[in-house]
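The values are calculated or read from the model by the stated rules, or taken from the named source; none is laboratory data. Here the structure is a predicted model, which means the values were calculated and not measured. So basically every Cβ, Gly included, is an ideal-geometry build from the backbone, and we count neighbours across all protein chains shown. Just so you know, the surface numbers come from the protein's heavy atoms only, side chains and all, with ligands and any DNA or RNA stripped out. Shrake-Rupley method; radii C 1.70, N 1.55, O 1.52, S 1.80 Å.
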Amino acid sequence: MVPDNVHDFYLGSAGVAGALIGLLFVAISVSAERLSGDGAQVHRIRAAAALTAFLNTLAVSLFALIPGHMIGPTAVAAGGSGILFVMASLLSLVRLRQVRWGTIRDALFLVGLTVVFVFQILQGADLLDRPGDADAVNTIAILVIVCFLVGISRSWELIGGPSFGFTHELVAMVRGREPEQAQPEESRAGTGETGDG
């Protein structure tokens with residue numbers, strides 16, 4: 001049974017997951033050209049990863065609302081389906097020889113998603129053994145939140161939203177200063193000036 005203190009959480013997350021799935025369909029229809037052009041397979045995997053994360057949250061949340069001990073088996077089944085999706089995605093990248101530096105980040109993201117699904121399966125299995133374990137239900141609720149964040153992130157990348165990562169901005173800032181420093185030296189060399197006076 002789902003404890004009363006997290007029942008409302010699952011009720012809310014089911015509604016949010018349904019809304020996000022609808023918005024994902026809109027995002028896919030808007031960015032349809034990205035799913036058929038260069039690098040289409042990577043964009044398809046991003047779209048499928050977002051859908052998998054949102055479907056996972058929707059299934060777990062809806063089954064958590066059914067009276068009885070439904071959340072354990074659902075967590076195991078949804079987590080297992082998620083792992084199968086990740087394996088298929090990684091195999092697809094290898095088969096199409098799209099494992100390049102640019103796709104390593106996507107592959108690592110998929111591995112991270114696998115970790116989430118493995119934890120979900122373990123907590124679901126714990127609930128199958130001990131249906132009254134409130135800690136496992138709470139952990140699954142946290143994993144639902146993680147899946148929301150994963151799905152939103154994948155959706156953002158799918159539509160080509162801007163990225164402002166710390167490392168990216170730091171590298172851009174350093175690269176942006178290099179030409180400015182090189183330019184005065186080149187202009188001095190062209191005029192025959194040396195900085196010695």
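Summary of values
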item	result
Condition met for Arg95 (under 18 Å from the mean Cα position of the chain (by Cα) and open to solvent by 30 Å² or more (accessible area, probe 1.4 Å))	no
Single residue of region 40-58 satisfying the filter (open to solvent by 30 Å² or more (accessible area, probe 1.4 Å) and more than 12 Å from the chain's Cα centre (by Cα)) that is modelled with the lowest pLDDT	Gln41
Flag for Val86 being open to solvent by less than 40 Å² (accessible area, probe 1.4 Å), among the β-branched types (Val, Ile, Thr) and either assigned to a helix (DSSP H, G or I) or more than 20 Å from Leu110 (Cα to Cα) (or both)	yes
Enumeration of residues in region 59-69 that are surrounded by fewer than 24 Cβ atoms within 10 Å (Cβ to Cβ) and in a helix (DSSP H, G or I)	Ala59, Leu62, Phe63, Leu65
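Residue by residue, here is whether (1) within 21 Å of Leu23 (Cα to Cα); (2) modelled with pLDDT of 85 or more; (3) in contact with a Cys (Cβ under 7 Å, 6 or more places away or on another chain); (4) open to solvent by 100 Å² or more (accessible area, probe 1.4 Å) holds:
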position: Leu127; (1), (2), (3), (4): no, yes, no, no
position: Ala136; (1), (2), (3), (4): no, yes, no, no
position: Cys147; (1), (2), (3), (4): yes, yes, no, no
position: Arg154; (1), (2), (3), (4): yes, no, no, no
position: Leu158; (1), (2), (3), (4): yes, no, no, no
position: Val171; (1), (2), (3), (4): no, no, no, no
position: Arg177; (1), (2), (3), (4): no, no, no, yes
position: Pro184; (1), (2), (3), (4): no, no, no, no
